[in-house]
Amino acid sequence: MLYEGAIGAPLHTKENKMSQSAAFPRLSSPRLVLAAGAVALAALGLGGCSSMGMGMSSAPSAVKVANGTLTDAHGMTLYTFDRDTMAGKSACNGNCANNWPPLTANDADKASGDYTIIVRDDGKRQWAYHGKPLYLWSKDKMPGDQTGDGFMNAWHIAKP
């Protein structure tokens, strides 16, 4: 096998009889080959995580990020409520929850990274981000609508 130099000249000539094993003695070392393989596999594994969005915090399947905004799986904007001040508790119940439906978690869902699950007064489970319960706004009709942002100076778009 011939290896060409930087300008296209062969490295193996009559003047240079250095063999590949003499020029690169460590390339044939089994330890180096194993180490290089391990590094390559690790790089592939880490690259896979970041390309799937798992590098920072694993979002549940119920939550997506679109244009710097948290959305539900259907692309509807998610909101937080300033009056949710008690850890693990929603202050939006009853009629409030009719207008601001909670982003509910099913029984199989598990907390992951920055996403936790709280139990509401009605016993339903609700997703929270950084401890803040997540809600939809009943007046948003299409994915990308953000008509609830700033409502009563208490509702805000949830951002990652």
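The values are calculated or read from the model by the stated rules, or taken from the named source; none is laboratory data. Computed from a predicted structure; not experimentally measured. With ideal geometry, Cβ positions are generated from the backbone for all residues, glycine too; neighbour counts draw on all protein chains shown.
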Region 101-123, residues that are closer than 20 Å to residue 158 by Cβ and touching a helix residue (DSSP H, G or I) at 6+ places or on another chain (Cβ under 9 Å): 120
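Residue-by-condition table, conditions (1) in the same structural domain as residue 98 (by TED's automatic domain parsing); (2) at pLDDT 95 or above; (3) over 21 Å from residue 86 (Cβ atoms); (4) touching a Lys or Arg at 6+ places or on another chain (Cβ under 8 Å):
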| site | (1), (2), (3), (4) |
| --- | --- |
| 116 | yes, yes, no, no |
| 139 | yes, yes, yes, no |
| 143 | yes, yes, yes, no |
| 147 | yes, yes, yes, yes |
Note on region 123-160: residues of a type in the set (Gly, Ala, Ser) and either over 16 Å from residue 69 (Cα atoms) or loosely packed, with under 14 Cβ neighbours inside 10 Å (or both) are 123, 131, 138, 144, 150, 154
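Per-residue answers, yes or no, for (1) in a strand (DSSP E or B); (2) within 24 Å of the chain's Cα centre (by Cα):
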{"position": "92", "(1), (2)": "no, no"}
{"position": "97", "(1), (2)": "no, no"}
{"position": "117", "(1), (2)": "yes, yes"}
{"position": "126", "(1), (2)": "yes, yes"}
{"position": "143", "(1), (2)": "no, yes"}
Residue 82 vs (1) at pLDDT below 95; (2) of a type in the set (D, E, K, R); (3) in contact with a helix residue (DSSP H, G or I) (Cβ under 8 Å, 6 or more places away or on another chain): all pass except (1)
So which residues in region 68-88 are part of a loop (DSSP other than H, G, I, E, B) and either within 24 Å of residue 140 (Cα to Cα) or under 24 Å from the mean Cα position of the chain (by Cα) (or both)? 68, 73, 74, 75, 76, 78, 82, 83, 84, 87, 88
